[in-house]
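Accompanying notes for the structure given below.
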Amino acid sequence: MTPSAATPAYRRLSVEERRSQLLDAALSLFAHRAPEDVSLDDVAEAAGVSRPLVYRYFPGGKQQLYEAALRSAAEELQHCFDEPREGPALPRLARALDRYLAFVDGHGTGFSALLQGGSVVETSRTTAIVDGVRRAAAEHIFRHLGVSTAGPRLRMTVRMWITSVEAASLMWLDEGKQPPVQELRDWLVEQFVAALTVTAGRDPQTAAVVGGLAGEG
């Protein structure tokens, strides 16, 4: 007789593995629905576990789960701009935007709820998490530009551009992901250069940055 196939042994997940599983399930749901439209029962069903188990890992309920999912998404977004400082700065920025826009594309309609606020579960803590993403992105950009300490005009220009990238990303989703993502990326890079060029007329530090970018070309 042919021995029957061995039944795969059940492996108990570690605390971190289980927590990661629940966060992945929540992020998957938030990618298509606003947080206020996602219940703990939905998360439990998506993860294939019971509702009490979700509460065991997130005793604060939906608010705690939402904030944990937001932090997870924020960490992923922060890494988008963590490009090796090799080669010209603008192609590096384009590669960072490729990763950023891929995140936006993958999270679909949940991008607004996850990183732009507008949710009934938004708090000062979630706002701080989102602002931390923007600050981290700005610091990465300053390093790509070779700036150790940005003055107020350059700092404002970069932060304003980051805000415009977020707004453009949301409108891109609303427009059915048109124009094509490569065109959107190139346009955002051009907007960055244009914003720096305007500021350069008023700020010597930014003028030096623009001159450096021109020299790379």
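The values are calculated or read from the model by the stated rules, or taken from the named source; none is laboratory data. Since we're looking at a predicted model, the values are computed, not measured. Just so you know, the surface numbers come from the protein's heavy atoms only, side chains and all, with ligands and any DNA or RNA stripped out. Shrake-Rupley method; radii C 1.70, N 1.55, O 1.52, S 1.80 Å.
The largest accessible area among E190, E45 belongs to the first residue in E45, E190, and the rest follow in falling order (1.4 Å probe, all chains). Taking all protein chains as shown and a probe of 1.4 angstrom, S124 keeps an accessible surface of around 90 Å². Residues T149, T127, T206, ordered by accessible area of protein heavy atoms at a 1.4 angstrom probe radius and largest first, appear as T149, T127, T206. V198 sits with roughly 110 Å² accessible to a 1.4 Å probe, with DNA, RNA and ligands left out of the calculation. Computed on the chain, with alpha-carbon pairs under 8 angstrom and 6+ residues apart, the relative contact order is 20 percent.
Annotation for region 152-214 versus region 28-57: alpha-carbon center distance of 37 Å. For the chain, the longest principal axis of the Cα atoms and the long axis of helix 62-80 meet at an angle of about 40 degrees. Shape annotation for the chain: C-alpha extents along the principal axes are 78, 50, 34 Å, from largest to smallest. Taking all Cα pairs closer than 8 Å and separated by 6 or more residues, the relative contact order of region 26-99 comes to 22 percent.
Largest accessible area first, the listed residues R202, R56, R125 line up as R202, R56, R125 when surface is computed with a 1.4 Å probe on the assembled protein chains.
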